[in-house]
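Report on the following structure.
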Amino acid sequence: MPLYVYIDNMRKPIFSDCIWAKDYEEAVAAIESNAKDNHLIVDFDHDLGTEKTGYDLAEWLVLNNYTGDFKVHSMYPAGNKNISNLLTEYGWREFY
């Protein structure tokens, strides 16, 4: 079963069957607690209103050898591109 994590500090997810993480720490905790036997899907915002960003989460995912599918819904063009490039480089698949 897929684990869908939506990370955004302001916009609510449109799907009810996901985990809404509002910051980096919530996202890490949700993934560590639930991703073991699940296919991981992460929907990113870049600016999370704290020092840690969506890009920091993408780096953490790569460093901890997670794989899965992703989408970046960030309105910040450079942040969107940086998250996408990093995850794609490490074998993540982008969905729309």
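The values are calculated or read from the model by the stated rules, or taken from the named source; none is laboratory data. Everything numeric in this text was worked out from a predicted model, so none of it was measured. FYI the Cβ positions are ideal-geometry reconstructions off the backbone, even for glycines, and counts take in every protein chain you see.
Descriptive notes on the structure:
- Listed by first and then second residue, the pairs linking a residue in the stretch 67-96 that is within 19 Å of PHE15 (Cα to Cα) and of a type in the set (A, V, I, L, M) to a residue that is part of a strand (DSSP E or B) and modelled with pLDDT under 95, with Cβ atoms under 7 Å apart and 6 or more places separating them unless they lie on different chains, form an empty list.
- Of all residues making up the stretch 72-85, the number that are of a type outside the set (Gly, Ala, Ser), surrounded by 15 or more Cβ atoms within 10 Å (Cβ to Cβ) and outside any helix (DSSP H, G or I): 3
- For the stretch 57-71, the criterion of a residue being more than 15 Å from TRP92 (Cα to Cα), at pLDDT 95 or above and not polar (S, T, N, Q) is satisfied by no position.
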